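In what follows, a single structure is set out as structure tokens and then discussed.
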Amino acid sequence: MVTWVFLAAAAVAVVFACLAVVVRNPILNVLSLVIVFFAMAAIFALLGMDFLAAIQVIVYSGAILVLFLFVVMLLNIPRLGRLGSGRPFQALLGSLLAAFLGGLLLAAAALLPAGLGAVLPGAAAGGTAVPIGRALISSHLFVFEFITLLLAAAIVGAVYLGERELQ
Amino acid sequence: MGTEVVVIALKLAFGLAVLLTTVPIMVWVERRGSALIQDRLGPNRVGPLGLLQPVVDVIKLVTKENFLPSRAQAPIYLLAPVFAIIIALSTFIAVPIGPDDGLTLFGRPVDGLLVAPHLDIGLLYIFAVASLGVYPLVLAGWASANKFSMHGGIRASAQAISYELAMTLAVVGVLMGAGSLRLDEIVLQQSGTWLGMLPRWNVVVQPLGALIFVVAVFAETNRLPFDLPEAEAELVAGYHTEYSSLSFAAFYMSEYIHMTVAAALATTLFFGGWTLPGIELPFGGWPQALLGMTVFGLKVALFLWFFVWVRWTLPRFRFDQLMALGWKVMLPLAVLNFLWVGVVLGLGLMEEGPW
């Protein structure tokens with residue numbers, strides 16, 4: 001059962017990830033990406049990572065991609081031209097890189113221990129929200145605070161850029 | 001296995017029935033309520049007090065032609081209202097509508113009223129689904145190939161993102177007080193009284209949070225005074241200008257379902273859910289569950305009436321006013337509420353109240 005759900009979610013993720021690149025309509029690209037993130041959330045949930053699944057949907061599907069859609073609509077991009085960049089050297093380089101990354105992924109999968117269960121070891125009975133929260137404010141406190149500092153800097157930068165454009 | 005599936009199916013069917021019955025009732029309440037507030041009679045021809053008016057409305061909608069604009073993006077145009085209904089319906093399953101300890105049905109434990117109140121990430125699940133609610137609106141606006149629709153869709157996305165922040169931050173206070181994301185625990189934490197008379201509801205400790213949540217929910221459900229995505233005076237009918245027949249009905253229904261779910265959430269998070277303060281019940285099991293569900297229903301009904309009342313009392317905002325309110329007033333106030341709950345918790349005052 002779990003295997004079938006996983007295979008379905010994985011297939012959806014791969015197919016729509018391809019569509020997100022291949023389809024020549026920006027809105028449909030964004031929508032494909034929404035579905036990819038959903039499939040990823042389903043896979044997280046299957047792994048017992050309920051918190052991560054919810055956050056995935058809230059942050060990516062619910063906020064970032066709505067913003068993408070908003071921007072794409074505002075810019076009113078016409079239908080894109082046909083597929084392909086017309087640059088054979090870059091296309092070759094890209095294909096080689098993709099093949100290398102795919103091989104790396106397969107090698108990593110082959111190296112996994114055989115008896116690994118379907119649920120990740122960190123998945124707790126009471127959900128993963130509590131352990132993640134505790135980890136963030138104890139062992140990872142410095143990183144956590146540092147990221148908030150980074151975000152604050154990004155916000156200040158965005159405000160500065162916006163202000164300059166107004167004047 | 002067999003009876004277990006039956007129990008789950010019954011729970012789902014009950015939830016669906018409750019939500020779908022609320023829609024015609026709310027349509028009637030809205031029309032009669034608006035008439036009451038505007039000193040008119042309202043629909044009073046069909047059935048006693050016009051109670052059958054929603055039935056006639058449905059017949060009218062069903063028999064209309066489902067029109068497809070020639071330049072519309074057909075699949076998305078047709079799917080958007082379906083998504084609207086699905087998303088509106090799926091939020092409700094994590095809301096606890098009654099006490100369920102020791103309840104059995106056909107010899108099986110019921111395990112939660114209604115469907116999944118014991119979800120460990122309950123609150124996050126609701127935010128996750130609610131944050132998707134804007135997609136149908138944006139997609140409908142875009143796929144209609146109509147400038148007014150498009151404008152409505154863009155407004156919907158901007159508005160939803162802006163008010164989601166304030167809403168989420170307001171709920172963080174509740175989360176801190178309960179120390180859990182589980183909605184059933186959030187309800188239980190609010191049972192009992194302070195000083196023998198004040199209910200231990202979150203609204204008593206964090207009135208600011210409750211206010212922000214309710215205001216943000218008006219914006220998230222696109223109700224007046226925040227119904228900018230469909231502002232009739234400016235955008236014909238906004239994102240659903242091009243929709244007719246059952247596609248339009250789907251949007252209309254999803255708005256009322258969103259309203260019901262929002263009322264249920266406000267009740268659960270800030271007004272004690274199905275609990276009544278200061279009353280010790282001498283019985284458990286199904287009588288207790290039914291009483292809890294009745295209390296919950298009454299609180300939700302009060303909220304729904306509040307939605308109608310506000311809609312016919314306040315005028316619509318201008319879009320820049322809406323944005324300014326969301327970012328410059330609601331968000332800072334939500335942070336203030338967050339700090340206040342932190343102080344109350346830090347001084348250990350949550351148990352006996354912040355006085």
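Backbone geometry of the range B:320-326 corresponds, through the Karplus equation with coefficients 6.51, -1.76 and 1.60 at θ = phi - 60°, to 3J(HN,Hα) couplings of 5, 5, 4, 5, 4, 4, x Hz, x marking Gly and Pro. Quick check: the angle from helix B:331-346's long axis to the longest principal axis of chain B, C-alpha only, nearest 10 degrees? Helix B:331-346 sits at roughly 10 degrees to that axis. Each peptide in A:53-66, B:263-276, A:9-22 gets a packing score, the mean of other Cβ atoms within 10 Å over its residues, and the list from highest to lowest is B:263-276, A:53-66, A:9-22. Between the beta carbons of A:L112 and A:L136, assuming R0 = 30 Å, the FRET efficiency works out to 0.65 to the nearest 0.05.
Within a straight-line Cα-Cα reach of under 24 Å, B:K11 can be paired with the following lysines, leaving aside sequence neighbours fewer than 8 residues apart in one chain: B:K299. Counting, for every residue in A:62-70, the Cβ atoms of other protein chains within 10 Å of its Cβ and taking the mean gives 6.
Cβ under 12 Å from B:F148's Cβ, B:F148 left aside: what net charge do those residues give with Lys, Arg +1 and Asp, Glu -1? Net charge around B:F148: -2. Backbone amide hydrogens, once placed in the peptide plane, bring B:W194 within less than 5 Å of B:R200, excluding anything fewer than 5 places away on its chain. Counting only whole DSSP H helices of chain A, the ones at least 27 Å long by C-alpha along their axis and with mean Kyte-Doolittle hydropathy no lower than -0.5 are A:2-22, A:26-46, A:88-111, A:141-166.
When each of the peptides B:68-80, B:247-259 is scored by the mean number of other C-beta atoms lying within 10 Å of its residues, the order from highest to lowest reads B:247-259, B:68-80. Note on chain B: helix-only mean residue ellipticity at 222 nm, from DSSP H runs of 4+ residues weighted -39500 (n - 2.57) and normalised by residue number, equals -20500 deg cm²/dmol.
For the peptides B:205-216, B:300-311, the ranking by packing is B:205-216, B:300-311, with the highest mean count of neighbouring Cβ atoms within 10 Å listed first.
Which net charge results for the neighbourhood of B:G285, defined as the other residues with beta-carbon distances under 12 angstrom from its beta-carbon, given Lys and Arg at +1 and Asp and Glu at -1? In short, -2.
Measuring spread by the Cα atoms of chain A yields a radius of gyration and Dmax of 20.2, 63 Å. Taking K and R as +1 and D and E as -1, what net charge do the other residues with C-beta under 15 Å from the C-beta of B:V46 add up to? In short, +3.
Laboratory data are not the source of any read-out in this text; all were calculated from the coordinates shown. Computed from a predicted model, the values in this text were never measured in an experiment. So basically every Cβ, Gly included, is an ideal-geometry build from the backbone, and we count neighbours across all protein chains shown.
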